[in-house]
1. Those residues that are free of Cβ contacts under 8 Å to residues at least 40 places away in the same chain and within 11 Å of the chain's Cα centre (by Cα), I need them from the stretch 62-87; list them, please.
2. Give just the number: which of (1) modelled with pLDDT of 95 or more; (2) farther than 18 Å from residue 178 by Cβ does residue 79 not satisfy?
3. Condition check: over 17 Å from residue 178 (Cα atoms) and modelled with pLDDT of 95 or more. Does residue 106 satisfy that?
4. Evaluate the stretch 142-160: report whether one residue or more is in contact with a helix residue (DSSP H, G or I) (Cβ under 9 Å, 6 or more places away or on another chain), over 22 Å from residue 52 (Cα atoms) and exposed (fewer than 15 other Cβ atoms within 10 Å of the Cβ).
5. Name the one entry in 129, 106 that is surrounded by 11 or more Cβ atoms within 10 Å (Cβ to Cβ) and either in contact (Cβ under 8 Å) with a residue 40 or more places away in the chain or in the same structural domain as residue 67 (by TED's automatic domain parsing) (or both).
6. For the stretch 36-47, enumerate the residues that are in contact with a helix residue (DSSP H, G or I) (Cβ under 7 Å, 6 or more places away or on another chain) and within 13 Å of residue 162 (Cβ to Cβ).
7. Of the residues 138, 113, which single one is farther than 30 Å from residue 28 by Cβ, crowded, with 19+ Cβ neighbours inside 10 Å and assigned by TED's automatic domain parsing to the domain that holds residue 77?
């Protein structure tokens, strides 16, 4: 059971009700993560705003989900590993590729360079080396991609940490990163 309360969308009031309604309209359901965040509507609004802004970047949904899986794996976040595995499956990503992405790997070498960099950002707490930057550039990524990966890492660390603190009940098929 979650250590933090979940806000019931049916009984929520004010800004929490508005935001949870928007989540349901957008996703068709209200994941437990957003119900936990709704305890402080500013937190849920920040999460939704950051996700909306990053969805307008250069990465397609599969790439964004690959980064999310890598960060979930690096941070051992069962909730995010489960959620992003389910989302990746809905995007027609093979299970073997999902498993690789949870380890920061990919069968696509250009994507793997991004995931290796994302893993470095997580493990080095942003203090990446010149070699880390050179490697992702050598794979064909520019400074915009490097900035975008870093932003996605930060956004996913946000959700990983909320889930660690709350011990959010997993409402997706459970996946546990190795």
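1. 65, 69, 84, 87
2. So residue 79 meets the others, but not (2).
3. So residue 106 fails the test.
4. At the first step, the residues of the stretch 142-160 found to be in contact with a helix residue (DSSP H, G or I) (Cβ under 9 Å, 6 or more places away or on another chain) are 143, 145-146, 148-160.
Now narrow it down to the ones that are over 22 Å from residue 52 (Cα atoms): none.
Among the residues of the stretch 142-160, not one is in contact with a helix residue (DSSP H, G or I) (Cβ under 9 Å, 6 or more places away or on another chain), over 22 Å from residue 52 (Cα atoms) and exposed (fewer than 15 other Cβ atoms within 10 Å of the Cβ), which makes the answer no.
5. 106
6. Taking the stretch 36-47 first, the residues in contact with a helix residue (DSSP H, G or I) (Cβ under 7 Å, 6 or more places away or on another chain) are 36-38, 41, 43-45, 47.
36, 37, 38, 43, 44, 47 - these are the residues of the stretch 36-47 that are in contact with a helix residue (DSSP H, G or I) (Cβ under 7 Å, 6 or more places away or on another chain) and within 13 Å of residue 162 (Cβ to Cβ).
7. 113
Matching residues to (1) assigned to a helix (DSSP H, G or I); (2) in contact with a strand residue (DSSP E or B) (Cβ under 6 Å, 6 or more places away or on another chain); (3) in contact (Cβ under 8 Å) with a residue 24 or more places away in the chain; (4) not assigned by TED's automatic domain parsing to the domain that holds residue 150:
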residue: 9; (1), (2), (3), (4): no, no, yes, yes
residue: 21; (1), (2), (3), (4): yes, no, no, yes
residue: 43; (1), (2), (3), (4): yes, no, yes, yes
residue: 47; (1), (2), (3), (4): yes, no, yes, yes
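The values are calculated or read from the model by the stated rules, or taken from the named source; none is laboratory data. Everything quoted here is computed from the prediction, not taken from an experiment. FYI the Cβ positions are ideal-geometry reconstructions off the backbone, even for glycines, and counts take in every protein chain you see.
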